[in-house]
Structure formats: C-alpha cells, structure tokens
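The values are calculated or read from the model by the stated rules, or taken from the named source; none is laboratory data. On a predicted model such as this, the values are computed, not experimentally measured, just so you know. We place every Cβ from the backbone using ideal geometry, glycine too, and count neighbours over all the protein chains shown.
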Amino acid sequence: MLDMGVDASFWNVPVKWVRITREDELRQAISFVRAAQTESWNSNMATKAEPVYDADAIASALARISDENSDWDVYFAQNNITPLHITYEQLTRDMDATIRRIMSFIETPIDVVPEPQTKKQGDSINKEWAERFLTQYPEHTERTRMWQGLH
C-alpha cells in the first residue's frame, strides 16, 4: 500500500505530476519478481541469485500493481490532480520524444536528452514466464500485451 500521507503542498512550491505506468502489467510483475529474487533492480547491479519461476509471486505482484494503481487513482482524484500520463512502453519505444514531452510538461525544456544509464533487463526468461503464467492463469491475459493483435 502506498503512503499517501504526504500532500504535495508539503514542499510549498507548485508541483507537476508525471505518472508512469506499464501497459503490460504481467511483464511488470515478472520484472518485479525477478528483481526481488536476484536483488538486481537495474542493469548496473550484480545478480545475487538465479531467478526461479514462481506463479504465486507473480500473482501477488499483479495484485500489488493493481492496488498501487488504484491508490494513485484515488489520490489524484481526491486532490484534483491531472498528471501527465506516460507509459513505460512509450518511454522505451521513443525515449527522446517522451523525455522532451515530460520536460515540456514540467516547463523545463531540454536541449539534449542524455543516453540511458541502464539497459533493458527483460529477456527470453520473461517471455517464458509470461507464457507459462498465462497457461496456468488465462484470466490474466488482458493484463499483458504479449499477444496483442493475435486474439
């Protein structure tokens, strides 16, 4: 559960909100589970253990993602906030344009968007786990873009 106890007015300055979500929540859940298991939260961190498929952990991560997204929806609604909504997929598909959009939104233009400091960690294991999970729990198919356009 998110700690929504601090209000944006805490900083006594105007705040602009940027909300980043993931279109493919199943892949987000799998990434979370793998990072928790390996203790490697980004590509600059060493992997401390090998990841092991765990359907219960993935289901739990999906529930957490739903809960946290709902909490943010409520927070924004209660505080009359309309954040700029960006998806992870937009960011990875066209980082330069997406970063420029964010910087424009927060009224801080940028001349050059720096190269990312980390690399994508998802690989064939993520795909295998997603396929395996959906075979076990097909009711979660709508939470993935894995087979977009194929069903």
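Residues that are in a helix (DSSP H, G or I), aromatic (Phe, Trp, Tyr), surrounded by 15 or more Cβ atoms within 10 Å (Cβ to Cβ) and more than 15 Å from the chain's Cα centre (by Cα) do not occur anywhere in the stretch 100-111.
Just one of (1) in a helix (DSSP H, G or I); (2) under 15 Å from the mean Cα position of the chain (by Cα) fails for Ile86. It is (1). Here the condition is being modelled with pLDDT under 90, out of contact with any helix residue (DSSP H, G or I) (no Cβ under 6 Å at 6 or more places or on another chain) and surrounded by 13 or more Cβ atoms within 10 Å (Cβ to Cβ); of Thr47, Thr38, Thr87, Thr118, it holds for Thr38 alone. For the stretch 126-151, a tally of residues being β-branched (Val, Ile, Thr) and modelled with pLDDT under 90 returns 2.
If the condition is being part of a loop (DSSP other than H, G, I, E, B) and farther than 22 Å from Trp41 by Cα, then the stretch 112-145 contributes Val112, Val113, Tyr137, Arg145.
Pairing residues of the stretch 53-65 that are under 13 Å from Gln136 (Cα atoms) with residues that are charged (D, E, K, R) and assigned to a helix (DSSP H, G or I), at Cβ distances under 9 Å and at least 6 apart in sequence or on separate chains, gives Tyr53/Glu128; Tyr53/Arg132; Ala55/Arg132.
Residues of the stretch 53-81 that are closer than 22 Å to Pro14 by Cβ and aromatic (Phe, Trp, Tyr): Trp72, Tyr75, Phe76.
Of all residues in the stretch 100-112, those being at pLDDT 90 or above and touching a helix residue (DSSP H, G or I) at 6+ places or on another chain (Cβ under 8 Å) number 1.
Remark: pairs (first residue in the stretch 27-48, part of a loop (DSSP other than H, G, I, E, B); second residue β-branched (Val, Ile, Thr) and at pLDDT below 85; Cβ separation under 8 Å; 6+ apart in sequence or on different chains) = Glu39/Thr47; Ser40/Thr47; Asn42/Thr118; Ser43/Thr118; Asn44/Thr118.
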